[in-house]
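A short write-up of the structure that comes next.
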Amino acid sequence: MLLGALVGAGWPEAALQRVVADLGVPVRVTATRAERRGVPAVRVEVVEDDPAHERLYPQLAAILDGCRVAAPLRARAASVLRRLAEVESQVHDVPVERVHLHELGGLDTLVDVVGVLAGVEALGLDRVVASPVNIGRGWVRIRHGLVPVPAPATQALIEGMPVYAGEVEGEWLTPTGAALLQTVVTAWGPLPPMRIEQIGAGAGRDDPERANVLRLFVGEALDADGPQTAGAGIFGDASRTERLVMLETSIDDMNPQLYPYVTARLIDAGALDVTTLPAVMKKGRPGHLLRVLASPERVPELTGIMIAETTTLGVRAYEVTRLAVTRRIVDVETEYGTVPVKVARDGAGVLNVAPEFEACRALAERRGVPVKHVIAAAQRAAGTSSAPRSPERSAGGTRST
């Protein structure tokens, strides 16, 4: 349903198919128009070539690790997959290495996780607001037998999530859906004030009395006075002001080899930026200042990671204001392949063009050319004084769903 809503809201089906191709798994993915109680929607289905083949978590993790999906997206997907496996391990009391992610041998889980994260990134949804989730009611049959809704794994994944039972019996939230919502949602509540640009609806398999759809509203967020365009004196009319939180801690007794790992964990958990700066500590000892920029909703989780994964005894937090230029991502065609390019603009035009490095590196490795050649080709294709050559999608203006 999440994939269907993303496609319905403007993520091209061809882009979804490219993600599946990059995964390199033996499945066929279809996106078809459907109706649920008169509501138009997109129904995405994953069909495996060998549905009887059930895979263990380590096998799925190895598929993800060895695929052609861009490294940052691959890392985020690996984090979600690991979380699912850990929950299944805990609730069923089996080692993580022996966990099965069921349904279509687990490959549909892989497609769902990577596809949804790719779609959210492609549509530039830097803020996702979700309403309380209908988890269903009654009983559901799983591999271990007949259990009450929510199933044990789903129950473990909805902690902290606003939910309700609804009036229709059945399982309306799966573990994969719960894990993805916990990953991409930045706030819970009613539809915020926004200027809507696209609406997509994803259709569920069943068609009960109540329309079984998940709707996605995409647009520019508004504050009480209208569009968020404060800071125009610095960046022009296409900028916005954001209220964020800076988390920081000073460390002088940690193995430097840990910093890249800590940085990756923080980014996977939703940090907007992570910086490690050399510093001179008390008594002249060399150390580092770890700084993490985050939205207020992410502060508790990120603070927990900083305390758990470093040797710090405390984290400072203070509010900051960020004046941000509106950025959009466009796909440009080069002689080496398609490259996503981030384009920053103000009222006067293009300020900066930045090809996504991981995509350029992947193409360079595939074609056997220097990565700087791919970057230069992408910059030429995007241009610095003309409009983008492919449809734009927001990657920076505050987006809400």
*Ranking Lys283, Lys342, Lys372 by Cβ neighbours within 10 Å, fewest first, what do you get?*
Lys283, Lys372, Lys342
*Ranked from highest to lowest mean number of other Cβ atoms within 10 Å per residue, what is the order of the peptides 171-178, 72-79, 20-27?*
171-178, 72-79, 20-27
*Work out, step by step, the length gained on full extension between Val94 and Leu146: first 0.36 nm times the residue separation, then minus their alpha carbon distance; give nm to one decimal.*
16.8 nm
_With unit charges on the beta carbons (Lys and Arg positive, Asp and Glu negative) and the dipole taken about the Cα centre of the chain, which residue among Ser79, Phe217, Pro278 sits farthest to the positive side?_
Pro278
*Mind putting a number on the dipole of the chain about its Cα centre? Charges go on the C-beta only, +1 for Lys and Arg and -1 for Asp and Glu, and I need it in Debye to the nearest 20.*
920
_Please compute the contact order of the stretch 1-148 in relative form: average sequence separation of alpha-carbon pairs under 8 Å and at least six residues apart, divided by the residue count, as a percent._
27
*Cβ-based net charge around Ala78, under 11 Å, with every Lys or Arg adding one and every Asp or Glu removing one*: +2
*When the chain is fully extended, how far beyond the present Cα-Cα distance does Glu169 get from Arg37, taking 0.36 nm per residue of separation?*
45.8 nm
*For Arg285 and Arg68 in one chain, what is 0.36 nm times their gap in residues minus the Cα-Cα distance, to one decimal in nm?*
73.8 nm
*Does the stretch 71-194 come out rounded, prolate or oblate, given a ≥ b ≥ c as the square roots of the eigenvalues of its C-alpha gyration tensor, rounded meaning a/c under 1.5 and, failing that, prolate meaning a/b above b/c?*
oblate
*asked:* Ignoring everything except DSSP H segments at least 4 long, calculate the 222 nm mean residue ellipticity for the chain; use -39,500 (n - 2.57) per segment, divide by total residues, nearest 500.
replied: -10000 deg cm²/dmol
*Based on the alpha-carbon gyration tensor of the stretch 245-312 and its eigenvalue square roots a ≥ b ≥ c, which shape applies: rounded if a/c is under 1.5, prolate if not and a/b is larger than b/c, or oblate?*
prolate
*Find how many whole Å separate the alpha carbon centroid of the stretch 18-63 from the alpha carbon centroid of the stretch 263-329.*
36
_Given contacts defined as C-alpha pairs under 8 Å and at least six residues apart, what's the relative contact order of the stretch 240-323, whole-number percent?_
48
*Net charge near Glu301, counting Lys/Arg +1 and Asp/Glu -1 over other residues with Cβ under 15 Å of its Cβ?*
0
*Using the Karplus curve 6.51 cos²θ - 1.76 cosθ + 1.60 with θ = phi - 60°, work out ³J(HN,Hα) for each residue of the stretch 156-172 in order, rounded to whole Hz, and write x for Gly and Pro.*
5, 8, 9, 4, x, 9, x, 9, 8, 7, x, 9, 9, 6, x, 8, 10
*Which of the following values of volume of the Cα convex hull per residue in Å³ was calculated from the structure shown: (1) 170; (2) 155; (3) 136?*
(1)
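Read-outs throughout are calculated quantities, based only on the coordinates presented, and are distinct from any laboratory measurement. In this text the structure is predicted, and so the values were computed from the model without any measurement. FYI the Cβ positions are ideal-geometry reconstructions off the backbone, even for glycines, and counts take in every protein chain you see.
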